[in-house]
Amino acid sequence: MFFNNKLPVLMVLLTLYDQGRTEKIIGGHVAEPHSRPYMMFIRRHLANNEESFCDGFLLNEDFVMTAAHCQANNYTIYLGVDNTKSLKNDEIQDRTVEKAFPHENYDKNAYIDDIMLLKLSSRAVVNNFVKPVALASQDDVTLPKSCIVSGWGQTRPDGVISDKLMEMNVTLIENSDCTKLKLYCSNGKARPGKGDSGGPLVCGQNTAYGVVAFMSQSPDGHSMVAYTKIPCYVDWITSTMKKALSKK
């Protein structure tokens, strides 16, 4: 299950959705090329020369946001990507990571406080293909509408990750248990897939409200997707970036 014993028991959420968790876009459609210039493709370098992938999004020239469960030994960040089969062209910038800042209270067994900042080793160059996304403020307390999730994750269960950037519309649901855990939640047949972890939940006028955290699925196929709620972490984001830059 995705909580620890310091958190309240989740009633409906657990009875329906604690049977299988994945970072698992299933469904959705291909995004218009470069229509999401804040999207980052993250190659994670793990132990024993293994590789895995996550998504992220650009906050400014120095920092990328992703999920804390996307931690790795080191990273390569690709900016300005449309198709991951073509990572070497004039549109794409690649960067290594100077330092990772997972939230200090993140628990890999709980998926709570599942948020991380990556300080780029050299600054991103903002252009038509690479642009930051605005973050929701801590005053954004109402449930956002008209949200989109994008990423290079699976397009079907047990499939490979997508070469092209995919996106889908999601509708957030009112759920008191999600609110207590500083999460937004959505459900439906279309959902993020494996490889979409760390991508943004973008709502309204291109404002990032959440980070793709996890999906829980019941045996009957129902699923609920949880997104780390950015408005609850604005102070942490601001202070972490300020401290990191002051040490230069």
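The values are calculated or read from the model by the stated rules, or taken from the named source; none is laboratory data. Bear in mind that the values here come from a model prediction, so they are computed numbers and not experimental data. Quick reminder, even Gly has a Cβ in these numbers, built from the backbone with ideal geometry, and neighbours come from all protein chains shown. Areas reflect the complete protein model, heavy atoms only, side chains present, ligands, DNA and RNA absent. Shrake-Rupley method; radii C 1.70, N 1.55, O 1.52, S 1.80 Å.
Please specify each residue of the range 114-131 satisfying the condition of being assigned to a loop (DSSP other than H, G, I, E, B) and either basic (Lys, Arg) or more than 18 Å from the chain's Cα centre (by Cα) (or both).
If the condition is that a residue be assigned to a loop (DSSP other than H, G, I, E, B) and either basic (Lys, Arg) or more than 18 Å from the chain's Cα centre (by Cα) (or both), then Ser121, Ser122, Arg123, Ala124, Val125, Val126, Asn127, Asn128, Phe129, Lys131 are the ones that fit.
Just the residues that are among the polar types (S, T, N, Q) and either part of a helix (DSSP H, G or I) or modelled with pLDDT of 90 or more (or both), please, taken from the range 217-245.
Correct list: Thr228, Thr238, Ser239, Thr240.
Provide a single number: the residues in the range 179-203 that are modelled with pLDDT under 90 and surrounded by fewer than 24 Cβ atoms within 10 Å (Cβ to Cβ).
Of the residues in that region, 5 qualify.
For the range 204-216, give me each residue that is at pLDDT 85 or above and part of a strand (DSSP E or B).
Answer for the range 204-216, where residues must be at pLDDT 85 or above and part of a strand (DSSP E or B): Thr207, Ala208, Tyr209, Gly210, Val211, Val212, Ala213.
Could you list, in sequence order, all residues of the range 132-143 that are within 17 Å of the chain's Cα centre (by Cα) and either of a type in the set (S, T, N, Q) or crowded, with 17+ Cβ neighbours inside 10 Å (or both)?
Correct list: Pro132, Val133, Leu135, Ala136.
Restricting the search to the range 77-113, which residues are β-branched (Val, Ile, Thr), surrounded by 14 or more Cβ atoms within 10 Å (Cβ to Cβ) and in a strand (DSSP E or B)?
Ile77, Val97, Ile112
Quick check on the range 31-39. Is at least one of its residues open to solvent by 50 Å² or more (accessible area, probe 1.4 Å), in a loop (DSSP other than H, G, I, E, B), out of contact with any helix residue (DSSP H, G or I) (no Cβ under 6 Å at 6 or more places or on another chain) and over 21 Å from Met168 (Cβ atoms)?
Looking through the range 31-39, none of the residues is open to solvent by 50 Å² or more (accessible area, probe 1.4 Å), in a loop (DSSP other than H, G, I, E, B), out of contact with any helix residue (DSSP H, G or I) (no Cβ under 6 Å at 6 or more places or on another chain) and over 21 Å from Met168 (Cβ atoms).
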